[in-house]
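The structure appears right after this line, and notes come after that.
The values are calculated or read from the model by the stated rules, or taken from the named source; none is laboratory data. This is a predicted model, so every value here is computed, not measured. Here Cβ is always computed from backbone atoms with ideal geometry, including for glycine, and neighbour counts include all displayed protein chains. Note: areas computed on protein heavy atoms with side chains; ligands, DNA, RNA excluded. Shrake-Rupley method; radii C 1.70, N 1.55, O 1.52, S 1.80 Å.
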Amino acid sequence: MSKFKALGNGTRQPDTSNLTPSHHKFNQPQTSIKMSDGKKPEVNANLIEQLLKKLAMGEELTEKQRKDMKDYKFWKTQPVAKFDEKIDHEGPIDKPKTPADIPDTPYPMLKEFEWVTMDLDQDEQLSEVHEFLHANYVEDKDSTFRFAYSPEFFEWALKPPGWKKEWHVGVRAKASKKLVAFISAIPAKLRVRSKELQTVEINFLVVHKQLRNKRLAPVLIKEITRRVNKHDIWQALYTAGVVLPSPVTTCRYTHRPLNWPKLYDIGFSGLRPGETKASTVAKYTIGSTTKVAGLRPMKLEDVDEVFELFEKFHERYDIVQKFTKPEFTHWMLGDAQQQKLDIKDKIIVSYVVENPETHKITDFLSFYILPFSVLEDSKYDTLNAAYLFYYATDADFGKGDRFSEEATSALTKRLESLVGDGLVLAKNMDMDVFNALTSQDNVLFLDDLKFGLGDGFLNLYLFNYMTFPIKGGLQENNEFDLVNRSGVGVVML
Ligand SMILES: CC(C)(COP(=O)(O)OP(=O)(O)OC[C@H]1O[C@@H](n2cnc3c(N)ncnc32)[C@H](O)[C@@H]1OP(=O)(O)O)[C@@H](O)C(=O)NCCC(=O)NCCS
């Protein structure tokens, strides 16, 4: 799941991370919720890549480096690509199985604990999951910020069309009945290059703070795999800040301050050398009115047209989610209750651009709202963050290859205006920061719209599916890759 931290002096530095991190460091949550302070990240996803390059160039690894690449006691037993795997084809890793080959009963659990299926249709259980994650979910590495998902967010994230109760898996302490661990899956059809796969997205893996490092996470992963396999689904998509064998791609977080003084006060953003607070505030100032003619909130009636535009736009990426129309409606507009809310109360915000003359929808933009709890700050308890979600535009249609000069220039211009207006909309909703990854075509506008590099990376993984690497919008030195951009079209919450 996604995690990050944001900017200090904002200078991009080539990453020359040392090549000998301890294995221990790999298994620290690499959460980073602040902007990068420009220092070298302790560990980053490119590290394994660097080790692989050394190997490819025929260099010898030290004993420690070899251990770093091999010592995944759990993951090395799973159908995932090894770090040094020579990939010569794309496809499933395990031999085909049927649900009948899979045990009917749950994996053995430590004797003090028991498996439970959480019923998120029951408000009490939904609140319980919410409170558990509120207290135990992803924090940045300094424990300054923690994701603050709301019950409404879970309604949206965990109950898309086709959701299954048994894929909301909990573990309770037998004696107290307290929830101590959780993991979830939701159905998602993917296209990976030319092949379509029925998969699940695994998310919200969490173990109670006091039960960490007891090997509970592997049991949760095995149990959700069993429950998913029982439905004849054999592949999964998941993301993590930590490096595991083996990322299909790595993206980086970027952050666009909207309320810089607050970000500075709570330690999310720093001051660049040579800049003053006043000059920084001036730099990040944006107006309160949008500029794109015809921009308006997306309505239910727009779904057919936007869906068509979206599907066409998404053909360009190597990995995308293939939504059905009801799924598309769910993800872009939320459930019936969400749809009724005022924009300022929504967790998923979608806009379209309707050409004022032709009334054709030419663009679509969405972002979701996910605040952070600010831990141990007396002045603020919440950091309001918007995350870029999906977009689509016809700006480069008919202009040849996605990477042609004409297509690139048209797309860059349109995305700058569209996402630029997204910043205004988010600012008007009282958001303090707007976050985006280096996926999709984002690198085209990040610099111009003053997104700063975060200190967090997001690795994307496929379970039981071998695939050639996909571009994540980053060069080897972690600079934006404006030449190749990214092949990642799917966005995971
Ligand atoms: C992530 C979390 C559940 C891992 O639990 P833990 O108690 O630290 O680790 P355990 O002893 O149970 O298990 C360790 C194994 O899980 C793997 N692991 C750790 N984090 C993982 C992740 N995010 N996804 C998949 N596997 C992970 C480790 O690599 C290790 O396997 P290995 O021996 O093959 O390397 C726990 O740290 C947590 O709740 N963190 C806060 C929430 C969070 O970061 N969730 C993940 C979001 S992606």
message: Six or more apart or on different chains, Cβ atoms under 6 Å: show the pairs whose first residue is in the range 249-277 and in contact (Cβ under 8 Å) with a residue 60 or more places away in the chain and whose second is surrounded by fewer than 18 Cβ atoms within 10 Å (Cβ to Cβ) and among the hydroxyl-bearing types (Ser, Thr, Tyr).
response: 266/380
message: The conditions are (1) closer than 24 Å to residue 204 by Cα; (2) open to solvent by 90 Å² or more (accessible area, probe 1.4 Å); (3) away from the ligand (no atom under 16 Å from the Cβ); (4) assigned to a loop (DSSP other than H, G, I, E, B), and residue 95 fails exactly one of them. Which is it?
response: (1)
statement: Counting only residues in the range 135-159 that are surrounded by fewer than 20 Cβ atoms within 10 Å (Cβ to Cβ), farther than 18 Å from residue 380 by Cβ and away from the ligand (no atom under 16 Å from the Cβ), the one modelled with the lowest pLDDT is identified as 151
task: Would you please name the residue that is surrounded by the most Cβ atoms within 10 Å (Cβ to Cβ), looking only at residues in the range 200-231 that are free of Cβ contacts under 8 Å to residues at least 60 places away in the same chain and either within 16 Å of residue 461 (Cα to Cα) or more than 8 Å from the ligand (Cβ to nearest atom) (or both)?
output: 200
message: Going by what's in this entry, would residue 193 be described as away from the ligand (no atom under 16 Å from the Cβ), among the charged types (D, E, K, R), buried (at least 16 other Cβ atoms within 10 Å of the Cβ) and modelled with pLDDT of 95 or more?
response: no
statement: Taking the range 396-416 and keeping residues in contact with an Asp or Glu (Cβ under 9 Å, 6 or more places away or on another chain) and touching a residue at least 24 places away in the same chain (Cβ under 8 Å) leaves 402, 408, 411, 412, 414, 415, 416
task: Sort through 478, 464 and tell me the only one that's within 29 Å of residue 405 (Cβ to Cβ), open to solvent by less than 20 Å² (accessible area, probe 1.4 Å) and in contact (Cβ under 8 Å) with a residue 24 or more places away in the chain.
output: 478
query: Which of the residues spanning the range 291-317 are open to solvent by 50 Å² or more (accessible area, probe 1.4 Å) and aliphatic (A, V, I, L, M)?
result: 293, 300
- prompt: Listed residues 229, 259; which is more than 21 Å from the chain's Cα centre (by Cα), closer than 28 Å to residue 85 by Cβ and polar (S, T, N, Q)?
  reply: 229
statement: Residue set 260, 234; condition open to solvent by less than 10 Å² (accessible area, probe 1.4 Å) and away from the ligand (no atom under 16 Å from the Cβ); output residue 260
- request: Check whether at least one residue in the range 350-357 is open to solvent by 10 Å² or more (accessible area, probe 1.4 Å) and β-branched (Val, Ile, Thr), and report yes or no.
  value: no
field: Scan of the range 378-393 for residues that are of a type in the set (D, E, K, R) and either buried (at least 18 other Cβ atoms within 10 Å of the Cβ) or more than 25 Å from residue 451 (Cα to Cα) (or both), ordered by number
entry: 379
- prompt: Only one of these conditions is not met by residue 126: (1) open to solvent by 30 Å² or more (accessible area, probe 1.4 Å); (2) in a helix (DSSP H, G or I). Which number is it?
  reply: (1)
- prompt: Tell me, which residue of the range 394-435 that is over 30 Å from residue 261 (Cα atoms) and among the hydroxyl-bearing types (Ser, Thr, Tyr) is most open to solvent (accessible area, probe 1.4 Å)?
  reply: 409
